[in-house]
1. Taking the options Ala153, Ala131, Ala144, Ala160, name whichever one is on the phi < 0 side of the Ramachandran plot and part of a loop (DSSP other than H, G, I, E, B).
2. At pLDDT 85 or above and either open to solvent by 30 Å² or more (accessible area, probe 1.4 Å) or closer than 22 Å to Ala10 by Cα (or both) - does that describe any residue in the stretch 91-113?
3. Could you pull out every one of the strands (runs of 3 or more DSSP E) wholly within the stretch 1-82 that has 1 or more residues that are in contact (Cβ under 8 Å) with a residue 24 or more places away in the chain and farther than 25 Å from Val194 by Cα?
4. Quick one: which of Gly64, Gly68 is modelled with pLDDT under 80, within 28 Å of Pro209 (Cβ to Cβ) and open to solvent by less than 70 Å² (accessible area, probe 1.4 Å)?
5. Looking only at the stretch 117-139, count how many residues are of a type in the set (D, E, K, R) and open to solvent by 30 Å² or more (accessible area, probe 1.4 Å).
6. Please find, within the stretch 181-202, the residue that is surrounded by the most Cβ atoms within 10 Å (Cβ to Cβ) out of those that are touching a Phe, Trp or Tyr at 6+ places or on another chain (Cβ under 8 Å) and over 19 Å from Asp111 (Cβ atoms).
7. Can you tell me which residue in the stretch 203-216 is least open to solvent (accessible area, probe 1.4 Å), limited to those that are within 12 Å of Gly183 (Cα to Cα) and assigned to a strand (DSSP E or B)?
Amino acid sequence: MCSSDLKTLALTDETGAFWFFDPANYELAVKLLDGRPLTETFWTFFASLSNVEYRLLVTDAETGASHGYFNPAGRFASVGDVNSLPAEGALAPVAASTVAGLRNEAALATDCAPGPGTLCLRDGRFALEVAWADFQGGSGGGVAVPLSSDTGAFWFFDDANVELLVKVLDGTGTNGRYWVFFGALSNVEFELTVRDLWTGAVKVYRNPPGRHASVGDVDAFLP
């Protein structure tokens, strides 16, 4: 674990802890395991000794890939994520240019800034980006096409050939979550990163080569 924050304690090569208010009172323990022999990913486990609200961002310094977790106030979290970070070289880094802003909570944006590779949905709350890898070894980022406040698309190779449709819906009235749905018109490998800019939470969806994906995640984000 690498951090300039003095509120951290390295326990082993794989495990560390954070304190928030008092150096004698640790609030969060985190470990990173190499699960590549089993799942081709690195695994993130964390457990809290506190029920305060916090955000945890795990970043692979070698690839730039990152995965964020949000714990709401009042919850004692214990999480084991065995699909946290892809193995090195699996794909080009996803949204590496935006990871730096997440490393410091003070730098978190409150509204999405649309750009060629960034799709902004739900009045700028959610920022979506895609990295792809084709069967010939090429890779790159998807180009965003906004369609409505909830829905957008990405093309990879040709602006006349849409590869991915995605939408973010407010399902809080049903199950207290925001929902992410996407469908691919291609079976190339891609990673879809969805960031909630209001909370700092991040979800990454990976489609392996050869699969035509259709996904509905109704537990994607807390309000």
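1. Going through Ala153, Ala131, Ala144, Ala160 in turn, the sole match is Ala160.
2. Yes; the residues of the stretch 91-113 include at least one that is at pLDDT 85 or above and either open to solvent by 30 Å² or more (accessible area, probe 1.4 Å) or closer than 22 Å to Ala10 by Cα (or both).
3. Output list reads 15-22, 25-34.
4. Going through Gly64, Gly68 in turn, just one is modelled with pLDDT under 80, within 28 Å of Pro209 (Cβ to Cβ) and open to solvent by less than 70 Å² (accessible area, probe 1.4 Å): Gly64.
5. Number satisfying all stated conditions: 3.
6. The qualifying residue surrounded by the most Cβ atoms within 10 Å (Cβ to Cβ) is Phe190.
7. Only one residue fits best here, namely Asn207.
The values are calculated or read from the model by the stated rules, or taken from the named source; none is laboratory data. What you see is a predicted model, and the numbers here were worked out from it, not measured in a lab. With ideal geometry, Cβ positions are generated from the backbone for all residues, glycine too; neighbour counts draw on all protein chains shown. Surface accessibility is based on the protein's heavy atoms, side chains included, excluding ligands, DNA and RNA. Shrake-Rupley method; radii C 1.70, N 1.55, O 1.52, S 1.80 Å.
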